[in-house]
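This is the structure I want to talk about, given as structure tokens.
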């Protein structure tokens, strides 16, 4: 087979891959996986789920 496509940026491994490959090489700071690397999620809670938050 050929090269594998990169994982989606909405996955943690895809977000880490984007951080490593698209960051400035001079000021690169290693980072562990965290939710700040992921794109924002657009969803709305309804009813009981909203009250529990």
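Please give the calculated 222 nm ellipticity per residue for the chain, where each DSSP H segment of at least 4 residues contributes -39500 (n - 2.57) and the sum is spread over every residue; nearest 500 deg cm²/dmol?
-9000 deg cm²/dmol
Here's something else I'd like to know. Suppose the chain between residue 43 and residue 29 were pulled fully straight at 0.36 nm per residue; how much longer would it get relative to their current alpha carbon spacing?
That pair, residue 43 and residue 29, stretches by 1.9 nm at full extension.
In addition: Just one of (i) 9.9, 30; (ii) 16.1, 50; (iii) 12.3, 38 is Rg and Dmax of the Cα atoms in Å as worked out from the coordinates here. Which one is it?
Matching the structure shown: (ii).
If you average the sequence gap of Cα pairs under 8 Å that are 6 or more apart and divide by the length of the chain, what percent do you get for the contact order?
35 percent.
Coordinate-derived values only; no laboratory data. All figures in this text were calculated on a predicted structure; none of them were measured in a lab.
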